[in-house]
Amino acid sequence: MPSSTAPGQEDDQEACILRFSDLDLKDKSLINSSNSLKAELDGSTKKKYSFAKKKAFALFVKTKQVPAPSYECKEKWWKCCQQLFMNQTSIHRHVATQHADDIYHETAFILKQLAATLSTSKSVTSANKKNPLKEYLTHSHEVSAWLPDISCFSSDELKSGQGSEEGEVLLYYCYCDLEDPQWICAWQTALCQHLHLTGKIRIATEGINGTVGGSKLATRLYVEAMLSYPLFKDYLCKEDFKISRGGAHCFPELRVGVFEEIVPMGISPNKISYKKPGIHLSPGEFHKEVEKFLSQADKEQSDTILLDCRNFYESKIGRFQGCLAPDIRKFSYFPSYVDTNLELFREKRVLMYCTGGIRCERGSAYLKAKGVCKEVFQLKGGIHKYLEEFPDGFYKGKLFVFDERYALCYNSDVLSECSYCGAQWDQYKLCSTPQCRQLVLTCPACQGQGFTACCVTCQGKGDRQASSPTQDSFKEECECTARRPRIPREVSQHAQLSMNPAPEPSVGEDGPLLVPHSFVIPLVMQRELAYMPGFSSCLWLQRTAARCAPAS
């Protein structure tokens, strides 16, 4: 969500801010997080709060504008979350209910920028006079000055490969100090639109983190633009861009925003800085370390921990052999996970890895700051770069990615199972209940029998909604996911074995549940089963037992 506009757009922005008569931004049911933010502000800053929130809202809405068809009298429509909105009331309502977190983060950022501008405007002005780079950028501050020349290419050439395997997806990040992330945001928005790229880009004062998709020509021009921009050319190189097959179709839209962190760990960069990370290991060096670790006979007594910094649904379908994969939903839970299990890392050599390397930058810095590890290492370039060199190495299974492909395949190993029958399966789909955004592993056979939700609770919701559909659709945390321990406490492998005895028959509202002796609950479901309500788990067992029981 841009926090700045290109020159000449300020009037449009102000007009957009003033046209909010159709939406009460003070409605607590719409943006609760902003109200808590306001309560934390001092008296002088509270006066600017209303302006900051309206500006954040207006800028977000503006980024969703698309041209209306020529036969329409209106000049613009809005597109967001794969939905088309033809009037301001509907887009305002959608943004207020579905993007409250985005508005909250941007409001906080604008307030900080306002406070910083007031206190440092004089010093910044004097510093700019002594900084040739800033002077140069000031003279070329027009966004259009930093867009590549595409006059020699047709629109079809730039768009070729969209919707096919001919395109590419780029994944990259760059930690560097950005004094004007709002301008970078406006430039990135214009650059991606210029090249017909879709994707997601996060910008902050600590740097930029992006993944974009488009034709091979468009992605090449994007990389060239990034490498030639003065603020990035001393930090980025061509090898920092991870490339995979895909295209613009891998993302529903383009989303560019300014945030406090370029990867949401939930801790201010002022407290845990990217400037104090672990020791970077190349894929070759990391491979040797993992090989040495796996060759040890007793890994329980090893002084090394191979730590996966990703979420549980990522490591579920692919991971390094012998790794410790935390059962956490979000990276923002990682610091609490470390705190809860701090003794696990005492006097250990920690080898950390993630998808592209960015989570390890802050994650390793946090772990180092605890002062309990012997050494902290991280895989440079992440799993992406490792698999480019070692497709048949120690990483088994698929690589989860945050776009509509869900996963990349580098080897034939399948590590996960269908959540319903336990058959080998590693292709994610979204839960079939519209309000739930959880990913589910359900094989074709189970899908054919109607098992398309992430749990029995959601399956029941879906059945009810099919019979009485409603127009409103709001995100809702899945009940089975909400019952997961937010921060798991790790135990030794021996303890885990003793804590997982054979499941006993359950008792439902209709009496004892009879399960055939030959029916075994798939191991993959034992953890999920523990987080389901009692009656729901019985219902799931009844359905699954009926399908898995041998024919009489």
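Condition first: free of Cβ contacts under 8 Å to residues at least 12 places away in the same chain and polar (S, T, N, Q). Now tell me which residues in the stretch 393-423 satisfy that.
The initial filter retains those residues of the stretch 393-423 that are free of Cβ contacts under 8 Å to residues at least 12 places away in the same chain, namely 409, 412.
The answer is Ser412, and nothing else.
Provide a single number: the residues in the stretch 424-445 that are in contact with a helix residue (DSSP H, G or I) (Cβ under 8 Å, 6 or more places away or on another chain), assigned to a loop (DSSP other than H, G, I, E, B) and either touching a residue at least 60 places away in the same chain (Cβ under 8 Å) or of a type in the set (S, T, N, Q) (or both).
4
Of the residues Ile110, Ile150, which single one is modelled with pLDDT of 85 or more and either open to solvent by less than 80 Å² (accessible area, probe 1.4 Å) or in contact with a Phe, Trp or Tyr (Cβ under 6 Å, 6 or more places away or on another chain) (or both)? Walk me through how you get there before you give the answer.
Numbers: Ile110 fails: modelled with pLDDT of 85 or more.
Exactly one of Ile110, Ile150 is modelled with pLDDT of 85 or more and either open to solvent by less than 80 Å² (accessible area, probe 1.4 Å) or in contact with a Phe, Trp or Tyr (Cβ under 6 Å, 6 or more places away or on another chain) (or both), namely Ile150.
(1) open to solvent by 30 Å² or more (accessible area, probe 1.4 Å); (2) at pLDDT 95 or above; (3) in a loop (DSSP other than H, G, I, E, B); (4) not hydroxyl-bearing (Ser, Thr, Tyr): which one isn't true of Arg405, the others all being true?
Looking at each condition in turn, Arg405 falls short on (2).
For Leu379, work out the one condition from (1) open to solvent by 10 Å² or more (accessible area, probe 1.4 Å); (2) closer than 16 Å to Arg310 by Cα; (3) of a type in the set (A, V, I, L, M, F, W, C) it doesn't fulfil.
It is condition (1) that Leu379 fails.
Of all residues in the stretch 246-260, which are over 14 Å from the mean Cα position of the chain (by Cα), under 17 Å from Ala108 (Cα atoms) and either among the small types (Gly, Ala, Ser) or open to solvent by less than 40 Å² (accessible area, probe 1.4 Å) (or both)?
Within the stretch 246-260, just Val258 meets the criteria.
Look through Phe331, Phe286, Phe320, Phe312 and report the one residue that is free of Cβ contacts under 8 Å to residues at least 24 places away in the same chain and not charged (D, E, K, R). Lay out the reasoning, then the answer.
Working: Phe331 fails: free of Cβ contacts under 8 Å to residues at least 24 places away in the same chain; Phe286 fails: free of Cβ contacts under 8 Å to residues at least 24 places away in the same chain; Phe320 fails: free of Cβ contacts under 8 Å to residues at least 24 places away in the same chain.
Step by step, each of Phe331, Phe286, Phe320, Phe312 is checked, and only Phe312 is free of Cβ contacts under 8 Å to residues at least 24 places away in the same chain and not charged (D, E, K, R).
Test Ser273 against the stated conditions and say whether it is of a type in the set (Ser, Thr, Tyr), within 26 Å of Ile103 (Cα to Cα) and surrounded by fewer than 17 Cβ atoms within 10 Å (Cβ to Cβ). I'd like the intermediate steps shown before the answer.
Numbers: of a type in the set (Ser, Thr, Tyr): yes; within 26 Å of Ile103 (Cα to Cα): yes; surrounded by fewer than 17 Cβ atoms within 10 Å (Cβ to Cβ): yes.
When the stated conditions are applied, Ser273 passes them.
Looking at the stretch 432-459, which of the residues that are under 15 Å from Tyr313 (Cα atoms) and open to solvent by 10 Å² or more (accessible area, probe 1.4 Å) is modelled with the lowest pLDDT?
Here the answer is Arg437.
Restricted to the stretch 221-231, and to residues that are closer than 15 Å to Leu191 by Cα and touching a residue at least 24 places away in the same chain (Cβ under 8 Å), which residue is most open to solvent (accessible area, probe 1.4 Å)? Even if it seems obvious, please write down each step before you answer.
Of the residues in the stretch 221-231, the ones closer than 15 Å to Leu191 by Cα are 221-229.
In the following step, the residues that additionally are touching a residue at least 24 places away in the same chain (Cβ under 8 Å) were identified as 221-226, 229.
Details: Leu221: 12, Tyr222: 0, Val223: 18, Glu224: 89, Ala225: 10, Met226: 0, Tyr229: 7 Å².
Applying the filter and picking the extreme gives Glu224.
For the stretch 329-366, enumerate the residues that are within 16 Å of Asp303 (Cβ to Cβ) and either open to solvent by less than 10 Å² (accessible area, probe 1.4 Å) or not aliphatic (A, V, I, L, M) (or both).
Glu343, Phe345, Arg346, Glu347, Lys348, Arg349, Val350, Leu351, Met352
Quickly run through the stretch 215-236 and pick out the residues that are of a type outside the set (D, E, K, R) and either in a helix (DSSP H, G or I) or within 17 Å of Asp149 (Cβ to Cβ) (or both).
Step one: list which residues in the stretch 215-236 are of a type outside the set (D, E, K, R), which gives 215, 217-219, 221-223, 225-232, 235-236.
Within the stretch 215-236, Ser215, Leu217, Ala218, Thr219, Leu221, Tyr222, Val223, Ala225, Met226, Leu227, Ser228, Tyr229 meet the criteria.
Return the residue satisfying two criteria in turn: it lies in the stretch 193-214 and is assigned to a loop (DSSP other than H, G, I, E, B) and under 24 Å from Ile272 (Cα atoms), and of such residues it is least open to solvent (accessible area, probe 1.4 Å).
Taking the stretch 193-214 as the starting set, the residues that turn out to be assigned to a loop (DSSP other than H, G, I, E, B) are 195-197, 205-206.
Subset that is under 24 Å from Ile272 (Cα atoms): 205-206.
Working: Thr205: 61, Glu206: 6 Å².
Once the filter is applied, the top-ranked residue is Glu206.
Suppose the filter is modelled with pLDDT of 70 or more, open to solvent by 80 Å² or more (accessible area, probe 1.4 Å), touching a Phe, Trp or Tyr at 6+ places or on another chain (Cβ under 8 Å) and hydrophobic (A, V, I, L, M, F, W, C); does Leu84 pass it? Walk me through it before giving the result.
Working: modelled with pLDDT of 70 or more: yes; open to solvent by 80 Å² or more (accessible area, probe 1.4 Å): yes; touching a Phe, Trp or Tyr at 6+ places or on another chain (Cβ under 8 Å): yes; hydrophobic (A, V, I, L, M, F, W, C): yes.
When the stated conditions are applied, Leu84 passes them.
Counting only residues that are assigned to a loop (DSSP other than H, G, I, E, B), over 25 Å from Phe402 (Cα atoms) and touching a residue at least 12 places away in the same chain (Cβ under 8 Å), how many does the stretch 446-462 have? Working first, answer last.
Kept after step one, since they are assigned to a loop (DSSP other than H, G, I, E, B), are these residues of the stretch 446-462: 449-455.
Now narrow it down to the ones that are over 25 Å from Phe402 (Cα atoms): 449-450.
Add one more test, that the residue is touching a residue at least 12 places away in the same chain (Cβ under 8 Å), and what stays is 449.
Qualifying residue count for the region: 1.
Within the stretch 281-309, work out how many residues are touching a helix residue (DSSP H, G or I) at 6+ places or on another chain (Cβ under 9 Å) and open to solvent by 40 Å² or more (accessible area, probe 1.4 Å). So that I can check it myself, show each step before the final result.
From the stretch 281-309, those touching a helix residue (DSSP H, G or I) at 6+ places or on another chain (Cβ under 9 Å) are 281-284, 286-287, 293, 299-300, 302, 304-309; that's our starting set.
Next cut, open to solvent by 40 Å² or more (accessible area, probe 1.4 Å) only: 282, 299-300.
Here the count works out to 3.
Among the numbered criteria (1) under 26 Å from Gly356 (Cα atoms); (2) modelled with pLDDT of 90 or more; (3) surrounded by 13 or more Cβ atoms within 10 Å (Cβ to Cβ), which one does Pro488 miss?
Condition (2) is where Pro488 drops out.
What pairs can you find where one residue is in the stretch 63-77 and more than 23 Å from Thr198 (Cβ to Cβ), the other is at pLDDT 80 or above, and their Cβ atoms are less than 7 Å apart, with a gap of 6+ or different chains?
Close Cβ pairs satisfying both conditions: none exist.
The values are calculated or read from the model by the stated rules, or taken from the named source; none is laboratory data. The shown structure was predicted, so the numbers you read here are calculated from the model rather than taken from an experiment. Because the Cβ atoms are built from the backbone with ideal geometry, glycine has one as well, and the counts that use them run over all protein chains shown. In case anyone asks, the SASA skips ligands and DNA or RNA and just uses the protein heavy atoms, side chains included. Shrake-Rupley method; radii C 1.70, N 1.55, O 1.52, S 1.80 Å.
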